[in-house]
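The values are calculated or read from the model by the stated rules, or taken from the named source; none is laboratory data. This structure is a prediction, so every number in the text was calculated from the model and none was measured. As a convention, Cβ positions derive from the backbone with ideal geometry for all residues, glycine included, and neighbour counts pool all protein chains shown.
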Amino acid sequence: MIKLLHLITGLSVGGAETMLFKLLSNIDRKAFEPAVLSLTDIGPIGREIRSLGIPVQALGMRPRRPNPVGLFRLTRRLCGDRPDIVQTWMYHADLVGALGANLAGGIPTVWNIRHTDLSVQLNKRSLVWTAKACARISPWVPARIICCSEASRRTHESFGYASEKMQVIPNGFDLLTFKPDAAARLSVRQELGIPERALIIGLVARFNPQKDHRNFIQAAARVAGHSRDVQFLLCGDGVTWENDKLVQWIRSGAIERRCHLLGRRSDLPRLTAALDIATSSSLAEGFPNAIGEAMACGIPCVVTDVGDSAWIVGDTGKVVPSGNSEALAKACLELIECGETRRSELGIAARCRAEDRFNLPTIVRQYEDLYTQIAGQRSPTHLHKTAGIIENP
């Protein structure tokens, strides 16, 4: 059995954290023994992973604050548990995990990177600096670098990461959970007081500058001016009526009565299946989970041309430039005006594309094959050497 330690910066709700949960929900527990270690805290995703019967612990490090004590504690943990592979998620975990795994005797590490934009305009400086440090050591440290998208691979290759170590494994989607559901369409409308015949355009995304909610709200106001029977459903961390900035944008567009701000929800498959059109208004993306999940539910999508969004959607939806609310609104109106039959046809095509390319068991198998390959490359002498480091941590 291969012992895997997944080291992640934190376990709040996000794309990397969600993909980790999906991977662990489906990994072969007869062949792999996984555990999870967060640099910061447990968080909601950590609690979900624990419900799978997988150990989850946290080092309690302060976010974005380098701490030699935390590195020492990680190294002791690695020496004590002696995993066969350390899989790291996100830049800070990539850097700290690489250092700790080498101090613990050269445990193979696999990095997982998700970003497609490393500009200081859209990222904290500490993140950019950490990514630069990872790029410098990438030729020597990780055994493999997993990118969630081709766009992410290209970005990091140009940033100085070792291209020969990169492998693209896209996000996968649970097609048994995210699926077309006519009952959800009715129940969500009843819950929110939306007329049964009204169309719903949705945005599932946490409130973050990269998600560009302002772009979506401006587009929504344009759509509302041309279509009386459309309403807008938004959910994700920070997407509530207590968010003064978001509410100000909504009021500026005079669409308060058309918007439903639901915050974080645990019933995303139901909410997504209730939509008529799903959107991504982002300025930057790697591989957006919300779009793949909408496609799995048979919902046509309008996405901005960032990351791998255009490739994910293919010819089953519409692609527009980022930061252009007029283009976003026009694409949504085109899907409204094309009628229910055409939207249904696009939704069926989207579901088929998700089945062919992003079915979760197929994606999990790619991770498993990679772990098996790396574990098989470790010599008995190397394993013995690792096991002998710090006998009494």
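Find all pairs meeting these conditions: Cβ atoms under 7 angstrom apart; at least six residues apart or on different chains; first residue within the range 237-253 and surrounded by 17 or more Cβ atoms within 10 Å (Cβ to Cβ); second residue at pLDDT below 95.
G238/R206
Suppose the filter is more than 27 Å from P269 (Cβ to Cβ), within 18 Å of the chain's Cα centre (by Cα) and either in contact (Cβ under 8 Å) with a residue 12 or more places away in the chain or assigned by TED's automatic domain parsing to the domain that holds A16 (or both); does I137 pass it?
No.
Within the range 274-287, which residues are surrounded by 24 or more Cβ atoms within 10 Å (Cβ to Cβ) and either small (G, A, S) or over 18 Å from V223 (Cβ atoms) (or both)?
A274, A278, S280, S281, S282, E285, G286, F287 - these are the residues of the range 274-287 that are surrounded by 24 or more Cβ atoms within 10 Å (Cβ to Cβ) and either small (G, A, S) or over 18 Å from V223 (Cβ atoms) (or both).
Collect the residues in the range 63-84 that are within 22 Å of the chain's Cα centre (by Cα) and either on the phi < 0 side of the Ramachandran plot or modelled with pLDDT of 90 or more (or both), keeping them in residue-number order.
P63, the sole residue that qualifies.
Would you point out which residue out of A151, A184 is within 30 Å of L24 (Cα to Cα), surrounded by fewer than 20 Cβ atoms within 10 Å (Cβ to Cβ), touching a residue at least 60 places away in the same chain (Cβ under 8 Å) and small (G, A, S)?
One residue alone meets the criteria, A184.
Would you mind stating whether A183 is small (G, A, S) and closer than 21 Å to G292 by Cα?
Criteria met by A183.
Identify, please: which residue in the range 37-62 is under 24 Å from K124 (Cβ atoms) and part of a strand (DSSP E or B) and is, among those, farthest from the chain's Cα centre (by Cα)?
Within the range 37-62, the match that is farthest from the chain's Cα centre (by Cα) is A58.
Condition first: within 18 Å of the chain's Cα centre (by Cα) and among the β-branched types (V, I, T). Now tell me which residues in the range 303-347 satisfy that.
Scanning the range 303-347 gives V303, T304, V306, I312, V313.
Mind listing just one residue for me: the one in the range 162-216 that is of a type in the set (D, E, K, R) and not in a loop (DSSP other than H, G, I, E, B) and, of those, nearest to S322 (Cα to Cα)?
Out of the qualifying residues, it is K211.
Give E337, E285, E326, E345 a once-over and let me know the one that is modelled with pLDDT under 95, of a type in the set (D, E, K, R) and outside the structural domain of C148 (by TED's automatic domain parsing).
Result: E285 is the single residue among E337, E285, E326, E345 that is modelled with pLDDT under 95, of a type in the set (D, E, K, R) and outside the structural domain of C148 (by TED's automatic domain parsing).
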